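Below: the structure, in structure tokens.
The values are calculated or read from the model by the stated rules, or taken from the named source; none is laboratory data. Computed from a predicted model, the values in this text were never measured in an experiment. Heads up, the Cβs are rebuilt from the backbone with ideal geometry, glycines too, and the neighbour counts pull from every protein chain shown. Each accessible area value is taken on the protein alone, full model and side chains, heavy atoms only, with ligands, DNA and RNA left out. Shrake-Rupley method; radii C 1.70, N 1.55, O 1.52, S 1.80 Å.
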Amino acid sequence: MVAKRSCIIIGNWKMHKTIEEAEAFVNGLLTSYSPSDHKKIGLAVPYTAIYPLRQLVSSSSILSIGAQNMNDASEGAFTGEIAGTMLKEAGAEFVILGHSERRRLYAEDNACINKKMKRAIETGLRPILCVGETEEELASRQTEKVIELQLREGLKDLNAIDLRDLVIAYEPVWAIGTGNPASPAVAQATHQFCRRIIANLLSLEFAEQTVIQYGGSINAANAQILLAQSDIDGLLIGGASLSLATFLHIINQHYAKLSPEE
Ligand code: PGA
């Protein structure tokens, strides 16, 4: 019998929140939320907030703090970039790689993301690999082809031991920040497809245990129905994670502990 997969819900703050705002959010979260299940909630925060937030959460094991990007080199003359070791030292436990905003706005291709995956794993950061098709790719029925390539190239030369902490986030680009999420049926079908590709690349057993999150226009009204799909094992939440009340509402709904608080 295969062990049940974890459900991991992560807020992706993108370029939002000063240290002061981030601390106020996390203090509020720590006082309003007491889950039975540890380390299943995470926040991917701006680099500047990683260290102060880890100071706040260090005495609790409720919340993981992570980063949204990193460079693939260990160090060097890369003005403005940040190394995995620096994130790790600051207290990051995970890093989002290959988010569509990085792919689109900063020209990150699958080969670049694969190098970052390798560096993150070597550094001991849990990688969250984002995949997903654009609106044009959806319209021209390329979804499966695009996602297969993103998985195949993103995970290239990595084995099941390297990837034991892997999280995949399926984020259709057309759903991000648009208020137009994938329907539960479409999201479920694409998650199933991702799992099939992971099974081909690694093994069926590995694929059955891989956490695959959904991301794209999640809100308090649609989170539960998406999480109810059998192959959706968590959420990567952008805009709706910026409001403490909404984030609490989503995690409390799911973990059924406390009622949401402002
Ligand atoms: P969204 O963003 O929830 O605001 O659509 C999700 C993401 O980009 O991770």
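Brief remarks follow.
Table: residues versus (1) more than 27 Å from Glu135 (Cα to Cα); (2) assigned to a loop (DSSP other than H, G, I, E, B).
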{"site": "Ala187", "(1), (2)": "no, no"}
{"site": "Thr190", "(1), (2)": "no, no"}
{"site": "Ile197", "(1), (2)": "no, no"}
{"site": "Phe206", "(1), (2)": "yes, no"}
{"site": "Ser217", "(1), (2)": "no, yes"}
{"site": "Ile225", "(1), (2)": "no, no"}
{"site": "Ser230", "(1), (2)": "no, yes"}
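- Test: residue in region 203-214 that is more than 26 Å from Val26 (Cβ to Cβ), among the acidic types (Asp, Glu), in contact with a helix residue (DSSP H, G or I) (Cβ under 7 Å, 6 or more places away or on another chain) and at pLDDT 95 or above: no
- Taking region 161-178 as the range and being open to solvent by less than 50 Å² (accessible area, probe 1.4 Å) and not charged (D, E, K, R) as the test, the residues that pass are Leu163, Leu166, Val167, Ile168, Ala169, Tyr170, Pro172, Val173, Trp174, Ala175, Ile176.
- Residue match in region 238-246 (condition: farther than 24 Å from Gly124 by Cα, in a loop (DSSP other than H, G, I, E, B) and open to solvent by 30 Å² or more (accessible area, probe 1.4 Å)): yes
- Residue ID - farthest from Lys116 (Cα to Cα), chosen from residues in region 139-152 that are in contact (Cβ under 8 Å) with a residue 40 or more places away in the chain and open to solvent by 70 Å² or more (accessible area, probe 1.4 Å): Glu144
- Taking first residues from region 96-107 that are closer than 12 Å to Ile176 by Cβ and open to solvent by 10 Å² or more (accessible area, probe 1.4 Å) and partners that are in a helix (DSSP H, G or I) and within 10 Å of the ligand (Cβ to nearest atom), the Cβ contacts under 6 Å between residues at least 6 apart in sequence or on separate chains come to Ser100/Val173.
- Search result, residues across region 179-195 that are open to solvent by 50 Å² or more (accessible area, probe 1.4 Å) and touching an Asp or Glu at 6+ places or on another chain (Cβ under 9 Å): Ala189, Gln192
- Subset of region 207-228 (residues that are more than 11 Å from the ligand (Cβ to nearest atom) and either surrounded by 17 or more Cβ atoms within 10 Å (Cβ to Cβ) or charged (D, E, K, R) (or both)): Ala207, Glu208, Gln209, Thr210, Val211, Ile212, Ala220, Leu226, Leu227
- Meets criteria (more than 22 Å from Lys4 (Cβ to Cβ) and within 10 Å of the ligand (Cβ to nearest atom)) for Leu242: yes
- Cβ-Cβ distances below 8 Å connect the following pairs, each with a first residue in region 72-94 that is under 24 Å from Ile62 (Cβ atoms) and in contact (Cβ under 8 Å) with a residue 24 or more places away in the chain, a second residue that is assigned to a strand (DSSP E or B) and polar (S, T, N, Q), and a separation of six or more residues or different chains: Glu93/Ser64; Phe94/Ser64.
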